[in-house]
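Everything on this sheet refers to the single structure shown next.
The values are calculated or read from the model by the stated rules, or taken from the named source; none is laboratory data. Since the model is a prediction, treat every value here as computed from it, not as a measurement. Note that we place each Cβ from the backbone using ideal geometry, even for glycine, and neighbour counts take in every protein chain shown. For accessibility, only protein heavy atoms count, side chains too; no ligands or nucleic acids. Shrake-Rupley method; radii C 1.70, N 1.55, O 1.52, S 1.80 Å.
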Amino acid sequence: MLLAAPRGYCAGVERAIITVEEALKRFGPPVYVRKQIVHNTFVVDDLTRRGAVFVEELDEVPDGSLVVFSAHGVSPAVKEEAGLRGLRTIDATCPLVTKVHKEAARMAEAGYEIVLIGHAEHEEVEGTLGEAPDRIQVVDPARPQEATTGGSGRVTWLSQTTLAVDETMRAVADLRERFPGLVDPPSDDICYASQNRQEAVTRIAPRCELVIVVGSANSSNSQRLVEVALNAGADAAYLVDRAADADEGWLSGVETVGVSSGASVPEGLVGELLDWLAARGYADVESVTLTEETLTFSLPPELRSSRDPR
Ligand code: SF4
């Protein structure tokens with residue numbers, strides 16, 4: 001069995017979860033959270049048991065309550081609504097998502113048309129789009145040919161942070177063919193955590209008949225790991241929320257299994273899967289480590305001061 005590393009929690013997820021835990025500790029339940037704080041069923045269920053209340057939109061949050069914005073970010077309109085309602089807010093948006101928001105706002109201000117490569121239904125993309133809805137068009141990484149421009153000749157691109165690197169670069173090449181003056185963003189938007197997890201899976205997949213990725217179905221970066229495993233040579237790859245979702249039938253004729261997990265997955269869930277595999281004859285674990293991750297983010301400013309968030 002090959003165990004890919006890095007896997008599991010990234011710095012942005014760690015910070016977002018600690019933010020809700022700290023808010024519960026300091027202000028007491030209920031702490032409302034707009035959308036899933038991170039896309040993992042286990043994490044959301046655990047925080048719910050401890051007093052967090054997950055809502056889809058702010059109109060479900062009672063006046064005067066404390067609400068946390070998730071790691072995926074929110075559009076300026078949501079922040080404005082919270083301000084108008086007098087809600088107390090803590091913003092747990094990952095700083096690497098905030099960076100994309102700032103790029104979007106700056107490029108829109110400078111007069112660029114922005115092609116945002118990403119999945120339109122994903123919360124992160126909704127939030128970034130909200131920075132300049134008149135200037136941004138969302139294009140799926142698999143369908144870059146759908147991008148159009150208003151003919152201004154000033155076109156740039158940005159991307160969702162959790163896309164597959166190869167697919168995104170292919171989409172950019174396609175855009176550049178049709179918009180020769182396409183301006184690149186100052187830095188990559190696909191975050192270090194997505195890139196590292198994808199590269200680690202790319203390294204193990206050619207040696208595996210089967211790759212199992214632990215992650216929830218709505219987790220973009222986890223879904224990408226399954227695609228990357230298949231593209232890198234695994235015969236089969238599956239996403240499971242936890243070990244109980246794995247199917248013994250997948251193991252038929254399999255000599256080597258690869259395992260990884262998405263950036264929102266607690267390591268305990270990987271441990272469960274390793275136990276499940278060990279009980280079925282795959283007890284021998286070889287760790288394949290691409291790199292060590294040391295990045296951490298400080299907590300949101302609202303939790304660094306002793307004042308009640310406003
Ligand atoms: Fe931030 Fe990347 Fe983690 Fe998303 S996957 S929370 S962008 S570090």
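Please work out which one of (1) open to solvent by 10 Å² or more (accessible area, probe 1.4 Å); (2) in a loop (DSSP other than H, G, I, E, B); (3) at pLDDT 95 or above is the condition Asp63 fails and give its number.
The failed condition is (3).
Inspect all residues belonging to region 5-20 and state whether any of them is on the phi > 0 side of the Ramachandran plot and either away from the ligand (no atom under 15 Å from the Cβ) or part of a helix (DSSP H, G or I) (or both).
Within region 5-20 (the criterion being on the phi > 0 side of the Ramachandran plot and either away from the ligand (no atom under 15 Å from the Cβ) or part of a helix (DSSP H, G or I) (or both)), the answer is no, since none of the residues qualifies.
Restricting to region 278-310, name every residue that is open to solvent by 40 Å² or more (accessible area, probe 1.4 Å), touching a strand residue (DSSP E or B) at 6+ places or on another chain (Cβ under 6 Å) and not in a loop (DSSP other than H, G, I, E, B).
Listed by number, the residues that qualify are Glu286, Ser287, Thr289, Glu302.
Considering only residues that are assigned to a loop (DSSP other than H, G, I, E, B) and away from the ligand (no atom under 16 Å from the Cβ), look in region 29-47 and name the one that is least open to solvent (accessible area, probe 1.4 Å).
Pro30
Mind listing whichever residues of region 156-204 are touching a strand residue (DSSP E or B) at 6+ places or on another chain (Cβ under 8 Å), within 16 Å of the ligand (Cβ to nearest atom) and among the polar types (S, T, N, Q)?
Passing the criteria: Ser159, Gln160, Thr168.
Go through region 147-187 and give me each residue that's farther than 30 Å from Glu255 by Cα, surrounded by fewer than 17 Cβ atoms within 10 Å (Cβ to Cβ) and under 19 Å from the mean Cα position of the chain (by Cα).
Within region 147-187, Met169, Ser187 qualify.
Test Leu66 against the criterion of being farther than 29 Å from Ala164 by Cβ, more than 16 Å from the ligand (Cβ to nearest atom) and touching a residue at least 40 places away in the same chain (Cβ under 8 Å), and give yes or no.
On the way: farther than 29 Å from Ala164 by Cβ: yes; more than 16 Å from the ligand (Cβ to nearest atom): yes; touching a residue at least 40 places away in the same chain (Cβ under 8 Å): yes.
Yes; evaluated as a whole, the condition is true for this residue.
Run down Glu121, Glu81 and say which single residue is more than 21 Å from Leu163 (Cα to Cα), away from the ligand (no atom under 15 Å from the Cβ), open to solvent by 50 Å² or more (accessible area, probe 1.4 Å) and not basic (Lys, Arg).
Answer to the check: Glu81.
Could you figure out which of (1) among the aliphatic types (A, V, I, L, M); (2) over 19 Å from Thr162 (Cβ atoms); (3) touching a Leu at 6+ places or on another chain (Cβ under 7 Å) isn't true of Ala244?
(3)
Would you please list the contacts, defined by Cβ atoms under 9 Å and residues six or more apart or on different chains, that run from a residue in region 289-308 that is closer than 11 Å to Ala23 by Cα and modelled with pLDDT under 95 to a residue that is open to solvent by 100 Å² or more (accessible area, probe 1.4 Å) and in a loop (DSSP other than H, G, I, E, B)?
Taking only residues 6 or more apart or on different chains, the pairs are Glu302/Arg310.
Check off (1) of a type outside the set (Ser, Thr, Tyr); (2) in a loop (DSSP other than H, G, I, E, B); (3) open to solvent by 70 Å² or more (accessible area, probe 1.4 Å) for Asp275 and give me the number that stays unchecked.
(2)
What are the residue pairs meeting all of these: first residue in region 139-157, first residue assigned to a loop (DSSP other than H, G, I, E, B), second residue of a type in the set (Phe, Trp, Tyr), Cβ atoms under 9 Å, and 6 or more apart or on different chains?
What qualifies is Ala147/Trp157; Ala147/Phe179; Thr149/Phe179; Ser152/Tyr112; Gly153/Phe179; Arg154/Tyr112.
Looking at Arg50, Arg26, Arg106, which one is more than 16 Å from the ligand (Cβ to nearest atom), under 30 Å from Met169 (Cα atoms) and open to solvent by 60 Å² or more (accessible area, probe 1.4 Å)?
Answer to the check: Arg106.
Scan region 1-14 and report the pairs whose first residue is farther than 21 Å from His39 by Cβ and of a type outside the set (Lys, Arg) and whose second residue is in a loop (DSSP other than H, G, I, E, B) and open to solvent by 10 Å² or more (accessible area, probe 1.4 Å), with Cβ atoms within less than 6 Å and a gap of 6+ or a chain change.
Once the first residue is farther than 21 Å from His39 by Cβ and of a type outside the set (Lys, Arg) and sits in region 1-14, its partners that are in a loop (DSSP other than H, G, I, E, B) and open to solvent by 10 Å² or more (accessible area, probe 1.4 Å) give Met1/Tyr282; Met1/Val285; Leu3/Val285.
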